[in-house]
Amino acid sequence: MVETGKFIEEAVAEIRDEVGDEHAIIALSGGVDSSVAAALAYKAIGDQLTPVYVDTGLMRKGETAQIRETFAYMSSLEVVEAEDRFLDALSGVTDPEEKRAVIGEQFIREFEREAKETDADYLVQGTIYPDRIESEGGIKSHHNVGGLPDVVDFEGIVEPVRDLYKDEVRDVARALGLEDIVAERMPFPGPGLAVRVVGEVTREKAQVVREACHVVEEELEEYDPWQAFAAVVGKGTGVKGDNRVHGWIVAVRSVESRDGMTARAQELDWETLQRIQSRITGQNENVARVVYDVTHKPPATIEYE
């Protein structure tokens, strides 16, 4: 395990040495990885850093408001409303790897735009070691590794937590004094809800999966999962009232893991599963059925795409 005090000291020195007197922006998502990277960078270069949160329209329920509150102490925080640009770019895209590439491209262009406005030459990212392993090993490309476009208009990309596993990142978050809502938060994929929608991403499917994920996180909090969420996996027939409907199928997934490299599906009691399906189908008339995913990693990955 990493020695947090020593790691923080070395990471801060590395960022300060790499960025120097220049300005940098940090890609801030609200997850523990980017939050730790932001805290380290802010500690290293202070007002030379501009945290940029991009609201892609593919974020968790209430995410943008939570970001504003949690990182209010960083006066230079920029919130970019980019839902239309992301969803337009994803229109008609169904292949998982192409989705990640499109999202990676769009993220970089958003950051480049912000960098020009703030005269920033460096981009700080919360890439961690499993991201690199999965991207370089061909399991899946992460938008901040394998999903980056070939041409990136930055002098340098700084990744202070690139050699850490998720549990080590959490240790550093606690040592930095970050709030529990950040340090203990479940992992959330960089491409957001796009990888929890099988096939083309639309506004309707994004909204369905956002509300369903919110239900799952609330209902399974007492189980303390490594990760728990919902995904829209297709359509199926159902009955709402006296009407036959062809609605969305929502898959619920909850896993236990140490570092995300392997995972086991959690055993949930029947009452809990029924409560989840009742809330999801009751809150959205376009959801026809809810299923529970019992597959471990391997053979599955944790996320759906």
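Rounded to the nearest 20 debye, the dipole magnitude of the stretch 202-292 is 620 debye, with +1 charges on Lys and Arg beta carbons, -1 on Asp and Glu beta carbons, and the Cα centre as origin. Take the alpha carbon gyration tensor of the stretch 202-292, find the square roots of its eigenvalues, order them as a ≥ b ≥ c, and report rounded if a/c is under 1.5; if not, report prolate when a/b exceeds b/c, else oblate. Prolate shape, in that a/c is at least 1.5 and a/b is the bigger ratio.
Around the Cα centre of the stretch 4-183, unit charges on the Cβ atoms of Lys, Arg, Asp and Glu (plus for the first two, minus for the last two) sum to a dipole of about 600 debye. What does the C-alpha gyration tensor say about the overall shape of the stretch 4-183? Classify as rounded when a/c is under 1.5, otherwise prolate if a/b is larger than b/c, or oblate. Because its axes are fairly even, with a/c under 1.5, the stretch 4-183 counts as rounded. Can you list the residues of the stretch 217-247 with backbone N under 16 Å from a point 7 Å past the Cα of Ser278, pointing along Cα to Cβ? Within reach of a label on Ser278, which here means backbone N under 16 Å from a point 7 Å along Cα→Cβ, the stretch 217-247 contributes 219-220.
Within the same chain, aspartates and glutamates fewer than 8 places from Lys6 are excluded, and of the rest, those with a Cα less than 20 Å from its Cα are Glu14, Asp17, Glu18, Asp33, Glu159, Asp163, Asp167, Glu168, Asp171. Remark: the chain carries a charge dipole of roughly 1360 debye about the Cα centre, counting +1 on each Lys and Arg Cβ and -1 on each Asp and Glu Cβ.
Straight-distance candidates among the lysines for linking to Lys240, with alpha-carbon spacing under 28 Å and chain neighbours fewer than 8 residues away dropped: Lys61, Lys205. Near Ile128: Cβ cut-off under 10 Å, other residues only, Lys/Arg at +1 and Asp/Glu at -1. The net charge is -3.
Sorted largest first by accessible area at a 1.4 angstrom probe radius, with every protein chain in place, the residues Glu22, Glu114, Glu69, Glu211 fall in the order Glu69, Glu22, Glu211, Glu114. P(r) tail, the chain: Cα-Cα pairs separated by more than 34 Å, 20% of all pairs.
Centre-to-centre, using Cα atoms only, the stretch 173-228 and the stretch 45-123 are separated by 17 Å.
Here the accessible area of the chain is 44 percent carbon and sulfur, with a 1.4 angstrom probe and all protein chains present. Can you list the lysines whose alpha carbon is less than 24 Å from that of Lys116, not counting same-chain residues fewer than 8 positions off? Cross-link targets: Lys43.
Using amide H atoms built 1.01 Å from N in the peptide plane, name the residues 5+ places from Thr50, or on other chains, whose amide H lies under 5 Å from its own. Residues meeting the amide H criterion: Ala24, Ile25, Ile26.
The values are calculated or read from the model by the stated rules, or taken from the named source; none is laboratory data. Nothing here was measured: the structure is a model prediction, and the numbers come from that model. Here the Cβ is made from the backbone with ideal geometry for all residues, glycine too, and neighbour counts use every protein chain on show. Surface areas here come from the heavy atoms of the whole protein model, side chains and all, with no ligands, DNA or RNA. Shrake-Rupley method; radii C 1.70, N 1.55, O 1.52, S 1.80 Å.
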